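Have a look at the structure below, then the notes.
The values are calculated or read from the model by the stated rules, or taken from the named source; none is laboratory data. Since we're looking at a predicted model, the values are computed, not measured. Quick reminder, even Gly has a Cβ in these numbers, built from the backbone with ideal geometry, and neighbours come from all protein chains shown. Just the protein is used for accessible areas: all its heavy atoms, side chains included, with ligands, DNA and RNA removed. Shrake-Rupley method; radii C 1.70, N 1.55, O 1.52, S 1.80 Å.
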Amino acid sequence: MNWINILPKSITTSEDFIRTVQVSGRKLCIVKTGNEFYAVQSKCPHAGAELSNGWCVSGKLVCPYHRHEFDLKTGRGAEGQGNYIDTYPVELREDGLYIGISKPWWKFW
Ligand code: FES
């Protein structure tokens, strides 16, 4: 797994946010809520809305289009939705927020 610094420390101490970042060719949604950070895919699996335009409620990210809800820890959609979003590990270090990106299987060879 590659760990990539995606945000400087100064931003991580700011107020809560939801923003989009580009990492290793992927567009991801980074969420800060309280003292917790999460990284998830940026497109909603329902109809492709940009999840960084959504909002957080009780540990869930709410899509701005049709209000599907996704658990920020597991990525699981709310009951009855039958969908999920990809989640990525994050670590807050001395110099900023890092995200863990797995190497594609074809890069192991
Ligand atoms: S596009 Fe996200 S709920 Fe429909």
Residue list for the stretch 24-38, filter: away from the ligand (no atom under 16 Å from the Cβ) and not hydrophobic (A, V, I, L, M, F, W, C): 24, 25, 26, 32, 33, 34, 35, 36, 38
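For every residue, the table says whether it meets (1) more than 26 Å from residue 9 (Cβ to Cβ); (2) acidic (Asp, Glu).
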position: 38; (1), (2): no, no
position: 52; (1), (2): no, no
position: 64; (1), (2): yes, no
position: 69; (1), (2): yes, yes
position: 73; (1), (2): no, no
position: 83; (1), (2): yes, no
position: 88; (1), (2): no, no
position: 93; (1), (2): no, no
Looking at the stretch 1-102, what strands (runs of 3 or more DSSP E) fall wholly within it and have at least 3 residues that are open to solvent by less than 60 Å² (accessible area, probe 1.4 Å), touching a residue at least 60 places away in the same chain (Cβ under 8 Å) and not hydrophobic (A, V, I, L, M, F, W, C)? 96-101
Can you find, within the stretch 39-80, the residue that is farthest from the ligand (Cβ to nearest atom) among those that are of a type in the set (S, T, N, Q) and under 22 Å from residue 99 (Cα atoms)? 74
